[in-house]
Amino acid sequence: AGLPPLEQKDRYKVGFAQMESNNPWRIAETKSFHDTAESCGWDLIATDAAGSAAKQVADVDSMIAQGIDVLFLPPREEKPLIPAVKKAKAAGIPTFLVDRSVDPNAAKPGEDFVAFLGSDFIDQGRRVAEWTIANFKGDKGIIVELEGTTGSSPANDRKKGFDDRILEDDRFEIVASQSGDFARDLGRQVMETLLQAHPDVNIVYAHNDEMAIGAIQALELAGRKPGEDVLVVSIDGTRDALQAIIDGKMGVTVESSPFFGPLACETMKRYAAGESIEHWVQVKDRIFTTDNAAANIDEAY
Amino acid sequence: MLDQNAFDMRKYISRNPQSVAVWIALFVLIVFGLLRYDNFGSAYNITSFLNYNAMFIAISVGMCFVILTGGIDLSVGSVAAFTSVVAAYLSPYGIEVAMPLAILSGVGFGLFNAVCIVFGRIPPFIATLATMLGAKGGSLVISGAQTIAVDWGSNFTHLGMEKAMGIVPWTIVLVGILIIGLWIVLEMTSLGRTILAVGGGEDASVMMGLKVNRAKIFAYALSGGCAGLAGVFLASGFGAGQPLEGVGWELSAIASVVVGGTLLTGGLGSIPATVAGALLLGLVFNILNFENGKGWISFSAYWQMVIRGAFLFAVILFQTRVMYRRPNVEFAK
Amino acid sequence: MAPLLTMTGIKKHFGGVPALRDASLEIEPGEVHALIGQNGAGKSTLIKILTGLYRRDEGEVEFAGAPSHLSSPRGAQSAGIATIYQELNLVPLRSVSENVVMGQEPKSFGFMINWPEAHRRTREILSRFGIEIDVTAPLGSYSTAIQQLVAIARAVSMDAKLVIMDEPTSSLDSSEVEILFGVVRELKSSGVSVLYVSHFLDELFQICDRVTIMRDGKTVGCREIADTTKLDLIAAMLGRNADEIEAEGLTELAGGSAAFDEVVLDVDHVATGPRLSEFSMSLHRGEIVGLGGLLGSGRTEAARSIFGLDPLTSGTLRLNGREFKPAEPSEAIRARIAFLTEDRKAEGIVPDMSVRENLTLALLPSLRRNGQIDREREKELVSEFIRKLGIKTSHMDQPIRELSGGNQQKVLLARWLATKPDILILDEPTRGVDVGAKREIQAIIRTFVDEGHAVILISSEFEELVEGANRIVVMHEGKSVSELTNPGITENALVRALAHHEDATP
Amino acid sequence: MTTVTSEETMRTDYTSRLKDHGGLIALAIILVFNILVTPNFLHTQTLAVNISQVATIAIVAMGMTLVIATGGIDLSVGAVMALSGALAPLIFLSDFGQAYPVLGLIAALLFPLLAALVCGMFNGIIVSVLKVQPIIATLILFISGRGIAQVLTNGNLQTFSNPEFSYLGTGKILGFPFQGWLALAIACLLFWVVNRTIFGRYLLAIGGNERAARLAGGPVRGVKIGAYVICSVLSGLAGLIVVAINSASDAARNGNLMELDAIAAAVVGGALLQGGKAPIFGAILGAVIIQLVKYTLLANGVEDEVALIAKAAIILAAVYIQQARKE
Ligand SMILES: Nc1ncnc2c1ncn2[C@@H]1O[C@H](COP(=O)(O)OP(=O)(O)OP(=O)(O)O)[C@@H](O)[C@H]1O
Ligand SMILES: Nc1ncnc2c1ncn2[C@@H]1O[C@H](COP(=O)(O)OP(=O)(O)OP(=O)(O)O)[C@@H](O)[C@H]1O
Ligand SMILES: [Mg+2]
Ligand SMILES: [Mg+2]
């Protein structure tokens, strides 16, 4: 069966089923949808699943019951959100997945949902690795990796992308890889501990900027000089991270933009107009270094 | 209320003022929803609401038994996550294999709790807290920290996604059977009465020569089994074993039980009222989602937390103040 | 005939402290056997060993002709031993029926409890005790006396070979005691043995065949009741010579009939709810006023109303002429009122705290020095009271739960005496206290009033009331209905006063 | 359980003494293990790191110990941390705070603690006046307290640079973290309160037998409210410390899951959940054990999921030893 069509009208009842709001990135993303609502003619119903994939499905259910026209869904997990996608389709609601996707073996773009708008977490990790390989000056890179929430897909993917690429180069060794739960405070605590156990570390790779900032604090508290004797690299592109890059404490952060509102609006309008949408509307993630951090800090979140 | 010759409403109310409160609150909330929102009473909303909340009802009634013995089970959420992974792995063998074995794995955690509590004399709060951590670690280990896809080809997902005779979701049917079964166990069997007696006074129950240990072991095993069933629903209804699910489920189950009028110290409580408590707390989420759809005020996630807390507060106030106090019973510590 | 039960050479230590040194006990089939001894002699401990609640360190137990190694009350029950423990051991939250039938519920289909049958059976058993109550109501909604009777009913209904009663009458009044005796005789005539522990020696002469006496964890004798006297028993319990004791004389403490003129407390038509609807009395300096009544007559509620535990719904209290409206016990305590509760376990002791901490609990505000507790003075006070009241404790920092019931009671009495109250309300002050200690407590009370204070005494023991009180206010169904004054206070008069009102209301 | 289990008080002196120090023995084992296995464990910096990390758990656990002593429990500690942590930067980053830095700093320390105090009052009143069971009573703020913090900050992370304020989390005295000294001072104070003052005596009496305490004139409500207030204020303080170390306040994460760590620490330290015991230094010991376990597993590269299982096992073992001692 084909995708449910979307008629062209002035106002749409739009559902946005956010998965959680416990980090700046998610908050920025939700805000971006709210900000877009007015200009795009949306009556936005935004729910929050508080980190539970099951509740996210229930939220989608309640939006289906309310008769939304379009669904934007950042699926908390690859597989558990498939029922939500299928139910929306069964109810004749076109769905756009945002920032994460679902298992392509079970639900297919262009068939079960219209398209996936977002970037590629594995690629983000890989790009950090490539930048590090190119820019690391020493002979031996001793890496501590701060993972995101154990078991979450960005953590798994960013680890895979980075580890696979960096270990191709035998200058590098990952001596410790522990979860900092995507949080600044935990990132700091974990870094403090790992620094004691591995004093010779000279590269820190964090799965997000928050943990990277925490790691920088830990390094400074321990009397190290982040940016000079330890290279800190990470993903997201937050304001604090760009500031750290400007201050010379951090090497690179690969952008992972949360501002999906405008892209969502544009893609939906194209779909309503009958255009066929590419299965993966890829977001062009920039890469922030000393070269461009100062220029971009004002628009960072 | 089954333990009376004839059902006497006045007596029931005066002895169970707290359970009455939950029914009233539930009724009020439903009427509010029906009047205020379109489609709130639609078949789609009702069935999907019940289908989702079947998991919480299952763990709440299991929790109710544990609380009735005067204990507590903090491990239910993690155990449900664990069993969802087990069920997902077993899904290719079909529901008839995956469900019993997954539930059994939940019972295993329950038994572990029981052993720590009954024989190791570890306070329930701590024993089940440890199991909560252990089960979470365990589910991450066996799943390799990934969600585990179920086999869509077998009949496993029918349980969570299809309806009996096309009307009632299978989960509801199962949970209904569970509720009735446990209600009978609690009200009509000596095991159930022993559980109540143990919660009402453990020393006294020992001195009365009751099978205290058996009652406690049963309660924890049951709670584990109910969490196991919730895990099966989770895997079957969402198509995946989810090691990260279940966070905070124990607290919502405890809240359901208490809102249903069960004493946390044990010895007094009811299964139907617990179910009402679970529905009541679930309904708050559903209503908040509908309220968002009104567009009148779009609650941010934070406001939702504040409102949920305030609502719990209101229900508790209602329970303690508006309805009369406790039945006239001197509480032994 | 072979004895039903023989216990020999039983030893038991609690954390190094011996509770039983060498106890033995022998019970014949179909006899009513008394077990007596001072507080802390080890009676309850011996019983708990018999029923498997405690494990013995040494000794032999033989029951019904076979060596017995019971390890749980459950095992004891199925072996044919039914027990009423000293501390109430029922579940107040659950219904009366459940408390009676639990463990042997009538079933239908083999697994479903047949509730109608259970209720019927419970009513039937209770009717033997003259109790007609709603058996579906929670047990805790009934008075201690009814709860005690329910516990007895449960034990009696168990088809046991041996029924153990550890101080069953401590919360019963005389009419209920009579009912109980009837039941004990019935048991006996059907061949059931009864082990009967009591501090009321008079009772033993009414129903027991033989008596075993314990002292300091040892069995010191076993006599035929017919061949002994009360004095003998007391002497044996105390380990002293009978003549000596007689010489000292257990002097009667009959209150004088002096004129009391200074009113310290005036209670005027006070009500706190359905259980206390109209209560009036006055209390004078130097006077002991007894509250007489049957169970549930509202005596405890009357005391609670004065102590600020239940808010008054109407009426007034006047203390030394001034209106007094305590909202909390702490206010009553500040006004120099003290209240010794009848429920030692639930409202009296803090079990895990030491004797010292329990004793000074009501006194803390006056022990404050430099923002903290004056520990020196605390210790002094405590040792003083331990000495004065003869409290048997290994040291003042022993947890109070390890003391025997009677000694716990003394600690609680000391708690209140230490606050130097003007008015002391005593609710069943000698419940569970041995004869010696009882006399001591009564003497303490007497000294206390002689010092110019006043006492309100609630007791279900008519003897105690009649001997102790200068005046008795008779209560009935939450109302104070009449008053007996000296010289008109006799047991007969009291019984008549109670019976009068009992008949007057259907 | 007293009557049924006191049986077991009967033990040889040797084993009972061993169990009296169960917590210390557990600590010793962990220390020896670390000295043998963990790289660079014997290093003052390691000590400093651990002290700085344990301080917040210890501070909250001490407050929790008081609440547990009354027979209660406080699930809202994490939420209160978030709330007070969110308020501080709001205050010193406000116009007022910028205009009068000193006043702003003082206000930024006082107001959050005041807010925490109000939370404690709220918990205490619901528990003691409305007689709601503590888990549920404190569940209210557990759910909504963090929500309030996020509403106040609009969910945003607040970052700042304020060295004076950050002293709370990064300052050092004699080479050791300021918050460690703070925790020690609080411990001494609370130890005195519990063991020497009337409040402390009533606290234990209420946990031991509330009705008896009331009949003996104990100000039951006041003391219970006091315990919850102290617990909340200490949580508020811990929230400020976390914010101070990070130079950032994250209402979503500050104090997340703290209630579990604090309860576990209190119980491992010898608190009885049914009330009546308030081992203050036990709480610190419990916090130290939990911290060291965390440190050991992290430093030795144990995976997160396995670490959870190990943590569970160690909590069980420590409490088992403690528990056996009780009876
Ligand atoms: N659980 C216990 N732990 C420690 N000591 C105990 C315990 N139970 C009893 N004892 C001690 O054992 C001794 C005997 O106590 P027991 O209760 O058997 O006395 P009793 O004869 O029943 O006295 P009473 O007439 O006051 O009830 C007492 O000294 C008491 O302190
Ligand atoms: N008819 C009744 N129904 C329910 N509860 C009762 C009844 N009578 C008494 N009680 C309860 O029993 C307790 C003791 O009763 P009360 O104080 O009225 O009698 P009392 O004369 O002091 O009796 P006691 O001799 O047992 O102390 C009270 O706390 C009350 O709640
Ligand atoms: Mg005794
Ligand atoms: Mg009374």
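The values are calculated or read from the model by the stated rules, or taken from the named source; none is laboratory data. Remember, predicted model here, so these are calculated numbers, not experimental data. We place every Cβ from the backbone using ideal geometry, glycine too, and count neighbours over all the protein chains shown. These area figures cover heavy atoms from the full protein model, side chains too; ligands, DNA and RNA do not enter into them. Shrake-Rupley method; radii C 1.70, N 1.55, O 1.52, S 1.80 Å.
Assorted remarks:
Listed here are the residues, each with its yes/no results for (1) under 23 Å from C:Q398 (Cα atoms); (2) surrounded by fewer than 22 Cβ atoms within 10 Å (Cβ to Cβ); (3) in contact (Cβ under 8 Å) with a residue 12 or more places away in the chain.
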residue	(1), (2), (3)
C:G292	no, no, yes
C:I306	no, no, yes
C:R318	no, yes, yes
C:G321	no, yes, yes
C:K325	no, yes, yes
C:L340	yes, no, yes
C:M353	yes, no, yes
C:R356	yes, no, yes
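- Residues satisfying the stated conditions in the range C:272-290, i.e. within 13 Å of ligand 2 (Cβ to nearest atom) and touching a residue at least 60 places away in the same chain (Cβ under 8 Å): C:P274, C:R275, C:L276, C:S277, C:F279, C:G290
- Apart from one condition, C:G191 fits all of (1) at pLDDT 85 or above; (2) more than 14 Å from every other protein chain (Cβ to nearest Cβ); (3) within 16 Å of ligand 3 (Cβ to nearest atom); the exception is (3).
- Residue check, C:E167 without any contact (Cβ under 8 Å) to a residue 24 or more places away in the chain, more than 14 Å from every other protein chain (Cβ to nearest Cβ) and either open to solvent by 10 Å² or more (accessible area, probe 1.4 Å) or within 16 Å of ligand 3 (Cβ to nearest atom) (or both): no
- Just one of the listed residues (D:A312, D:A283, D:A244, D:A271) is aliphatic (A, V, I, L, M), without any contact (Cβ under 8 Å) to a residue 24 or more places away in the chain and open to solvent by less than 20 Å² (accessible area, probe 1.4 Å), and it is D:A312.
- When restricted to residues that are farther than 15 Å from C:G217 by Cβ and either within 15 Å of ligand 1 (Cβ to nearest atom) or in contact with a Lys or Arg (Cβ under 7 Å, 6 or more places away or on another chain) (or both), the range C:53-69 contains 3.
- Within the option set C:P365, C:P429, C:P421, C:P399, being within 16 Å of ligand 1 (Cβ to nearest atom), within 12 Å of chain D (Cβ to nearest Cβ) and within 28 Å of C:T300 (Cβ to Cβ) holds for one residue only, C:P399.
- Subset tally (residues that are surrounded by fewer than 24 Cβ atoms within 10 Å (Cβ to Cβ) and aliphatic (A, V, I, L, M)) for the range C:342-351: 1
- Verdict on C:A437 being assigned to a helix (DSSP H, G or I), within 17 Å of the chain's Cα centre (by Cα) and either closer than 17 Å to D:A216 by Cβ or of a type in the set (A, V, I, L, M) (or both): yes
- Flag if C:N370 is within 13 Å of another protein chain (Cβ to nearest Cβ), more than 16 Å from ligand 4 (Cβ to nearest atom) and modelled with pLDDT of 95 or more: no
- Annotation: A:I245 fulfils all but one of (1) buried (at least 20 other Cβ atoms within 10 Å of the Cβ); (2) assigned to a loop (DSSP other than H, G, I, E, B); the unmet one is (2).
- Filter result for the condition that a residue is away from ligand 1 (no atom under 16 Å from the Cβ), of a type outside the set (A, V, I, L, M), in contact with a Gly (Cβ under 7 Å, 6 or more places away or on another chain) and not in a loop (DSSP other than H, G, I, E, B), over C:Q409, C:Q442: C:Q442
- The range B:238-252 - residue that is open to solvent by 10 Å² or more (accessible area, probe 1.4 Å) and facing chain A (nearest Cβ under 10 Å) and, of those, nearest to the chain's Cα centre (by Cα): B:W249
- Wholly enclosed helices (runs of 4 or more DSSP H) of the range D:151-213 bearing at least 3 residues more than 25 Å from C:A346 (Cα to Cα) and open to solvent by 20 Å² or more (accessible area, probe 1.4 Å): D:163-170, D:178-196
- Within the range C:1-106, helices (runs of 4 or more DSSP H) holding 3 or more residues that are within 16 Å of ligand 3 (Cβ to nearest atom): C:43-50
- Criterion applied to C:I27, C:I81, C:I10 was being at pLDDT 90 or above, hydrophobic (A, V, I, L, M, F, W, C) and more than 17 Å from C:C222 (Cβ to Cβ), and the one residue passing it is C:I81.
- Candidate set: the range C:454-487, residues that are touching a strand residue (DSSP E or B) at 6+ places or on another chain (Cβ under 7 Å) and β-branched (V, I, T); chosen: the one nearest to ligand 4 (Cβ to nearest atom): C:I458
- Among residues of the range A:194-218 that are away from every other protein chain (no Cβ under 13 Å), those with a Cβ under 8 angstrom from a residue that is assigned to a helix (DSSP H, G or I) and polar (S, T, N, Q), sequence gap 6+ or separate chain, pair up as A:I203/A:T132; A:Y205/A:T132.
- Within the range C:137-149, restricting attention to residues that are more than 11 Å from C:V100 (Cα to Cα) and away from ligand 4 (no atom under 16 Å from the Cβ), the residue that is surrounded by the fewest Cβ atoms within 10 Å (Cβ to Cβ) is C:A137.
- Where helices (runs of 4 or more DSSP H) sit wholly within the range D:12-120, those with at least 3 residues that are more than 14 Å from every other protein chain (Cβ to nearest Cβ) occupy D:22-37, D:44-69, D:77-92, D:95-99.
- Residue in the range D:231-240 that is in contact (Cβ under 8 Å) with a residue 40 or more places away in the chain, under 30 Å from D:A107 (Cα atoms) and surrounded by fewer than 24 Cβ atoms within 10 Å (Cβ to Cβ) present: yes
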